[in-house]
Amino acid sequence: MAIINTMRRQRAVLWVRSDTPDNYGRFSYEEPVEIRCRWEDVAKEFRDSQGQTVMANSIVYVDRIIKVGDMLRRGEISSDEPADPRDDTLTEIAFEVQRFDQLPDLKNRLTLLTAYL
């Protein structure tokens, strides 16, 4: 599975969501960071944490562990990237991570990290 490292030639912008909401139930996000990934626009069914069948519009193979609720946008980070991925000034839409999987290789040296959006 050495291909895991070489397949991530695209870029995406990641916003990591805070663990606790504010007084109004809205989550805040850390400053955006650019990550390496492989972004596939495919329709794929999966089960969410509640066991419901959900349809993913994209599957993204990422270079770090992320969590459900974080936001991803395809492309490189810009100098005027907003701190909130829900900002209307974004030219590309940011999508929420609905599921995150980790699949280690047979020797447990590399792990395929997959986000479903």
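Where a number appears in this text, it was derived from the coordinates with a stated rule and is not lab data. Just so it is clear, the structure is predicted and the values come from calculations on it, not from any experiment. Cβ sites come from the backbone with ideal geometry, for glycine too, and all protein chains shown count toward neighbours.
Worth pointing out:
- If you go through segment 29-56 and keep only what is in a loop (DSSP other than H, G, I, E, B) and touching a residue at least 12 places away in the same chain (Cβ under 8 Å), you end up with E30, E31, P32, D41, V42, A43, D48, S49.
- Scope segment 66-102; condition over 12 Å from the mean Cα position of the chain (by Cα), more than 21 Å from M7 (Cα to Cα) and aliphatic (A, V, I, L, M); matching residues: A83, L90, I93
- Qualifying position, being outside any loop (DSSP other than H, G, I, E, B), closer than 17 Å to L14 by Cα, aliphatic (A, V, I, L, M) and touching a residue at least 24 places away in the same chain (Cβ under 8 Å), among L72, L112: L72
- Residue within segment 86-98 that is in a strand (DSSP E or B) and in contact (Cβ under 8 Å) with a residue 24 or more places away in the chain present: yes
- The single residue among D48, D105, D63 that is charged (D, E, K, R), touching a Cys at 6+ places or on another chain (Cβ under 8 Å), within 30 Å of I3 (Cβ to Cβ) and surrounded by fewer than 16 Cβ atoms within 10 Å (Cβ to Cβ) turns out to be D63.
- Top-ranked residue of segment 75-85 - restricted to ones that are touching a residue at least 12 places away in the same chain (Cβ under 8 Å) and among the acidic types (D, E), ranked as surrounded by the fewest Cβ atoms within 10 Å (Cβ to Cβ): E76
- Hits in segment 2-28 - residues which are among the β-branched types (V, I, T), farther than 14 Å from R73 by Cα and not in a loop (DSSP other than H, G, I, E, B): I3, I4, T6
- From the options I59, I65, residue that is in contact (Cβ under 8 Å) with a residue 40 or more places away in the chain and under 13 Å from L14 (Cβ atoms): I65
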